[in-house]
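All remarks here apply to the structure that follows.
The values are calculated or read from the model by the stated rules, or taken from the named source; none is laboratory data. Here the structure is a predicted model, which is why all the values come from computation and not from measurement. Here the Cβ is made from the backbone with ideal geometry for all residues, glycine too, and neighbour counts use every protein chain on show.
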Amino acid sequence: MEQFTNWQRPPRTLVYRTHYRWYAGFLAFCWVLSLVTLGVLWRWGGQDVREELLGFAAMCVFLPSLYLAWLHPKLTRSVQVFPTHVRVTGRNYAFEIPFSELTFVDTPFFSFMRLCTKEGSWWFSAALERPDYLWEALREMRPELTGDQRAYEAFRLRLVQYDHHEKRKEWFFRHRFLDVLNWVALPVLVLVAGHWWQTREVEIHATGLYLFRLTMFSLLATIGCAFSFSLFLKKFVFDRVVRENLQGEGVKRRDLAWESEVLNRAKWAQLAVCGGLMAMVVHTGLNLYSVTRIKEGSAVFGLRPGATVVVDNRYNCTACAHPLQEGDLVVFGKGVIGRILGNGGDVVAQSVPGAVGRSIASESVVTVPAGHVAVQVGDDGSTLAFIKEGDLVGKVNNP
């Protein structure tokens, strides 16, 4: 085993991964893009578009902010491993962790290890290149802290496996043709084909919001497939090779040409699986469902104001493949809920003609204008309103 041959020329400098800088740049780009898109659609989009985009923009800013808070210190930090201590150097600070002062070393999960002294604890992981050097130094200086030989070798193997896995992330766009197909061509094809297929039976009142949702589904499927394939290859293909090399010849080498070929074939499979997932989404109309928080006028329908309901956005018209029927609960405008009483051309009753918020009664009747629906609204359901079909969001499912 080549456990300590690396210590002939100490110290070893372990730097944080290069692709973390790519992540930081990508997150910054996403912030700018989301703010520009939000500004454009806020200016020219409808109220329903604005509400959904507000939630999306908050997620796009808040979650990356948490990640950057963890990532930022690592962009300017390095770790030097000596036979007797670890030295951590940042932009405006530096400190050492002597191995002789360690009271406990923990390896709770993945590639994380925690070095504890009486003064505090410090975490290290495969976010650093070659974290196995630190583990080997601990074994040489303080073997009692790294467990028996079996436990030591098991965690050392895990560190090497995660080190190779992190290194392969720098190849994320190595196969340019396949990457363009996966990340550009397929999402565009989904937008074009999905819009063509679904508009044959579904009325799209807010085209911008529809394309936005379909784009999010496409990106979610692409990212999910890429992440799943990456984990599958790590666990069942690459990790096995690392284990065989360490247990056989005791080396940590990588066959770069073979790994590249495996990733190339996996990306073809990823393209097929992702295309199948998106075809299923479009075929089932999964992107035509939304979640809405009810604002008002819901007590009479058994829904408290502020309740969250699932809305079927296919049902937003009266003369189409998915028509609204009398008695359906429908969401329109800014999260307002009502019950359908009649469609365009139907006759409904009112009490005071011309009054705003006409109460339902039988004193007089009025014909619902073409392109509108008559809706029962209000907290007690005593108000009649005529709503343009273009303002309908969809039908409430199982209230």
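Exactly one residue out of Gln270, Gln247 is within 30 Å of Phe155 (Cβ to Cβ), of a type outside the set (D, E, K, R) and not assigned by TED's automatic domain parsing to the domain that holds Asp328: that is Gln247.
Name the residue that is farthest from Arg142 (Cα to Cα), counting only residues in the stretch 78-107 that are outside any helix (DSSP H, G or I) and among the hydroxyl-bearing types (Ser, Thr, Tyr).
In this case the residue turns out to be Tyr93.
Just one of the listed residues (Glu170, Glu140) is touching a helix residue (DSSP H, G or I) at 6+ places or on another chain (Cβ under 6 Å), farther than 30 Å from Gly390 by Cβ and part of a helix (DSSP H, G or I), namely Glu170. Checked against the criteria, Gly344 counts as at pLDDT 75 or above, surrounded by fewer than 20 Cβ atoms within 10 Å (Cβ to Cβ) and either touching a Pro at 6+ places or on another chain (Cβ under 9 Å) or of a type in the set (A, V, I, L, M, F, W, C) (or both).
Taken together, the criteria place Thr199 among residues that are free of Cβ contacts under 8 Å to residues at least 60 places away in the same chain, surrounded by fewer than 20 Cβ atoms within 10 Å (Cβ to Cβ) and over 23 Å from Lys235 (Cα atoms). Evaluate the following for Ala151: is it part of a helix (DSSP H, G or I), farther than 24 Å from Gly390 by Cβ and either touching a Lys or Arg at 6+ places or on another chain (Cβ under 7 Å) or free of Cβ contacts under 8 Å to residues at least 12 places away in the same chain (or both)? So Ala151 fits the description; yes.
What about Leu189, is it more than 20 Å from the chain's Cα centre (by Cα), surrounded by fewer than 15 Cβ atoms within 10 Å (Cβ to Cβ) and either part of a helix (DSSP H, G or I) or of a type in the set (Ser, Thr, Tyr) (or both)?
Spelling it out, Leu189 is indeed more than 20 Å from the chain's Cα centre (by Cα), surrounded by fewer than 15 Cβ atoms within 10 Å (Cβ to Cβ) and either part of a helix (DSSP H, G or I) or of a type in the set (Ser, Thr, Tyr) (or both).
Checking each residue in the stretch 377-386 for being part of a strand (DSSP E or B) and either among the small types (Gly, Ala, Ser) or surrounded by fewer than 20 Cβ atoms within 10 Å (Cβ to Cβ) (or both) picks out Thr383, Ala385, Phe386.
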